[in-house]
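Working notes for the structure below.
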Amino acid sequence: MAAPISGQRVVITGAAAGLGAALARAFAVRGASLVLMDRDADALATLGAETGALCLPVDLSDATATDAAIATMLAASPRIDTLIHNAAILVPQPLARLEFAMFRATLDVGITAGYQLARAALPSMQAHGGAMIFVSSQSGIKGFADETAYCAAKHALEGFMKSLALEEPGMVSCTITPGKAMHTPMSEANYTAEMKAQWVDPALLAPAFVHIAETRDPALSGARLNAWEIAQSLKGAHHA
């Protein structure tokens, strides 16, 4: 069942910059009550002052710290209407040089924290409906050299989402890829010059996330969605 954004409590991870910050601003403008998580406490505080969000500085690679942040979030209110798990680690390294600590941190942020947050949000969504949106990428369906950890995390996220969608038909569970090269701190560090020449402001992708959260269209559950395509279709519909 559709739900106005103005009445929703929305949780966004990796919120201090890039796509996460763009999403926070897009939902704030629509009147959502925000819970923002990121390990960059200073940038998060600045965004929180702008959006009125509950800001929870946390390193999501630390399961204990993540549980503590979740406890604070639920103590403020047990209701969660939309969860957007956007946080990720991408440090390109071949397996021969990939230390266990980096492999573990990449998976802990990408999938373990996703599990912890989804588990925390589930009771509210079982009672009231909602949407869990997991940010994926081409690395969720393809392999790339020097990305064994990142690809493993994103592939796991895709499988997690598909199973969750089958278990919980009363809510929307989906993954979403940007569908377009984005200008973010991660892309600044990892994109080729050719890709940087094509990147777009992540704010252009935000309408897709708002649409999923607001419509809660059952047809979207279990699907791997493309943010750019959805945003462009919405833009076309508004101009029709």
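Listed values, structure above:
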{"read-out": "Count of the stretch 132-150 residues which are polar (S, T, N, Q) and surrounded by 20 or more Cβ atoms within 10 Å (Cβ to Cβ)", "value": "3"}
{"read-out": "Residue among GLY110, GLY130, GLY31 that is in contact with a His (Cβ under 9 Å, 6 or more places away or on another chain) and closer than 30 Å to LYS180 by Cα", "value": "GLY110"}
{"read-out": "Pick from the stretch 211-240, criterion over 23 Å from ALA181 (Cα atoms) and not in a helix (DSSP H, G or I), ranking: modelled with the lowest pLDDT", "value": "ALA240"}
{"read-out": "Filtered residues of the stretch 108-137 (kept if among the hydrophobic types (A, V, I, L, M, F, W, C) and free of Cβ contacts under 8 Å to residues at least 12 places away in the same chain)", "value": "ALA127"}
{"read-out": "Selected residue [over 18 Å from the mean Cα position of the chain (by Cα) and closer than 30 Å to PRO169 by Cα] from ALA76, ALA101", "value": "ALA76"}
{"read-out": "Members of the stretch 182-204 found to be in contact with a strand residue (DSSP E or B) (Cβ under 7 Å, 6 or more places away or on another chain) and at pLDDT 70 or above, listed by number", "value": "VAL200, PRO202"}
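Rundown of residues vs (1) over 16 Å from the mean Cα position of the chain (by Cα); (2) touching a residue at least 60 places away in the same chain (Cβ under 8 Å); (3) farther than 21 Å from GLU214 by Cβ, yes/no style:
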{"residue": "MET1", "(1), (2), (3)": "yes, yes, no"}
{"residue": "PRO4", "(1), (2), (3)": "yes, yes, no"}
{"residue": "ILE12", "(1), (2), (3)": "no, yes, no"}
{"residue": "LEU23", "(1), (2), (3)": "no, yes, no"}
{"residue": "SER33", "(1), (2), (3)": "yes, no, no"}
{"residue": "ARG39", "(1), (2), (3)": "no, no, yes"}
{"residue": "ASP42", "(1), (2), (3)": "yes, no, yes"}
{"residue": "ALA45", "(1), (2), (3)": "yes, no, yes"}
{"residue": "GLY48", "(1), (2), (3)": "yes, no, yes"}
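Here is a yes/no grid of residues against (1) buried (at least 17 other Cβ atoms within 10 Å of the Cβ); (2) farther than 18 Å from VAL10 by Cβ:
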site: ALA101; (1), (2): no, yes
site: THR106; (1), (2): yes, yes
site: GLY130; (1), (2): yes, no
site: ALA152; (1), (2): yes, yes
site: SER163; (1), (2): no, yes
site: MET171; (1), (2): yes, no
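The values are calculated or read from the model by the stated rules, or taken from the named source; none is laboratory data. Just so it is clear, the model here is predicted, and its values are computed rather than measured. Neighbour counts are summed over all protein chains in view; Cβ atoms, including those assigned to glycine, are modelled from backbone coordinates with ideal geometry.
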